[in-house]
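Take a look at the structure below.
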Amino acid sequence: MKKNNVLEVINLTHSYKEKRKEKLVFKDLSFSVGKGEILSIIGKSGCGKSTMLKIIAGFLTPTSGKIIVNGEEHKKPTKNVMYLQQNYEQLFAWKNVLKNIAYSIEQLDLDEEEIKKRANYYTELVELNEYKEAFPNTLSGGQKQRVAFARALAIEPDLILMDEPFAALDASTRDKLQESTKRIIKEKQQTVLFVSHNIKEAQFMGDRILVFGKNEESDFKYYFIENPQDKDKEEIKNLL
Ligand SMILES: Nc1ncnc2c1ncn2[C@@H]1O[C@H](COP(=O)(O)OP(=O)(O)OP(=O)(O)O)[C@@H](O)[C@H]1O
Ligand SMILES: [Mg+2]
């Protein structure tokens, strides 16, 4: 194990039981992610990206294999690993923006003053200063996404798992959010797994890309692409 690895996924295999049959989703998948690294993950719909994030988050027990976060096995949900679901409707409808963000920090052992300071800091970091009092039903998709991101960041977890966070947004909002999200992640040296079905987005966001390749029968192929921004999009597409 490299000393600064935040995440290690070791020989991960998972199958769902479907009508008494086992459905193998992935097999013997291993990789690690260093501190401050963004690993993009792409693969065809149904290849197991969300399943893998749920296992890493501790919501789902794998058939076999291990998840290590900062040297310790991660088997149950903890505040060390924040999971942003694929569907971003995950805010509390009855809490305003600031209170949604403060909620996560309230789980930590901090005094009230510190909670307030941190909630304000992260609200401002995602540029929602003017929306502190707003309720989720009055926000745009991109704004809701930023609240969810700020709430995850505010806990200052070891790892954030983002599952197609920008998929439902229009192109220009998406471009802006990619840029600002990447800048914040890098500024904070946050470690992130970023699932996308958009190759260009995965190239822009990731320091590396993990590709869930074509899966023929039980032959599973995984590829790791270094320096994805220098690669040709078609070259990556051919792996899918
Ligand atoms: N709870 C479940 N029970 C049984 N099968 C499941 C369950 N959740 C997912 N699956 C199956 O496992 C496979 C992987 O699903 P998963 O949601 O991980 O795919 P994905 O790569 O995230 O797809 P998408 O890009 O569409 O979000 C799919 O074939 C899906 O039908
Ligand atoms: Mg998914």
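The values are calculated or read from the model by the stated rules, or taken from the named source; none is laboratory data. A quick note: this is a predicted structure, and the numbers were derived from the prediction, not measured. Positions of Cβ are generated from backbone atoms using ideal geometry, with glycine treated the same way; all protein chains shown enter the neighbour counts.
Just a few scattered comments:
- Restricting the first member to the range 41-64 and to residues that are within 8 Å of ligand 1 (Cβ to nearest atom) and at pLDDT 95 or above, and the second to residues that are assigned to a loop (DSSP other than H, G, I, E, B) and among the hydrophobic types (A, V, I, L, M, F, W, C), the beta-carbon pairs closer than 6 Å and six or more apart or on different chains are LYS54/LEU60.
- Where strands (runs of 3 or more DSSP E) sit wholly within the range 1-115, those with at least 2 residues that are farther than 20 Å from VAL195 by Cβ occupy 5-18, 21-34, 64-69.
- Annotation for the range 67-87: no member residue is within 24 Å of ALA148 (Cβ to Cβ), within 8 Å of ligand 1 (Cβ to nearest atom) and among the basic types (Lys, Arg).
- Looking across the range 144-172 at every residue that is over 27 Å from PHE212 (Cβ atoms) and of a type in the set (Val, Ile, Thr), the one that is nearest to ligand 2 (Cβ to nearest atom) is identified as VAL147.
- When GLU156, GLU164 are checked against the criterion of being surrounded by 20 or more Cβ atoms within 10 Å (Cβ to Cβ) and at positive phi, a single residue qualifies: GLU164.
- Exactly one residue out of LEU125, LEU110 is in contact with a helix residue (DSSP H, G or I) (Cβ under 8 Å, 6 or more places away or on another chain) and without any contact (Cβ under 8 Å) to a residue 24 or more places away in the chain: that is LEU110.
- Subset of the range 116-129 [under 27 Å from LYS54 (Cα atoms) and either within 16 Å of ligand 1 (Cβ to nearest atom) or assigned to a loop (DSSP other than H, G, I, E, B) (or both)]: VAL126
Let's see how each residue does on (1) in contact (Cβ under 8 Å) with a residue 60 or more places away in the chain; (2) surrounded by 21 or more Cβ atoms within 10 Å (Cβ to Cβ); (3) more than 22 Å from SER32 (Cα to Cα):
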site	(1), (2), (3)
ILE185	yes, yes, no
LYS188	no, no, no
LEU193	yes, yes, no
GLN203	yes, yes, no
LYS221	no, no, no
GLU226	no, no, no
ASN238	no, no, yes
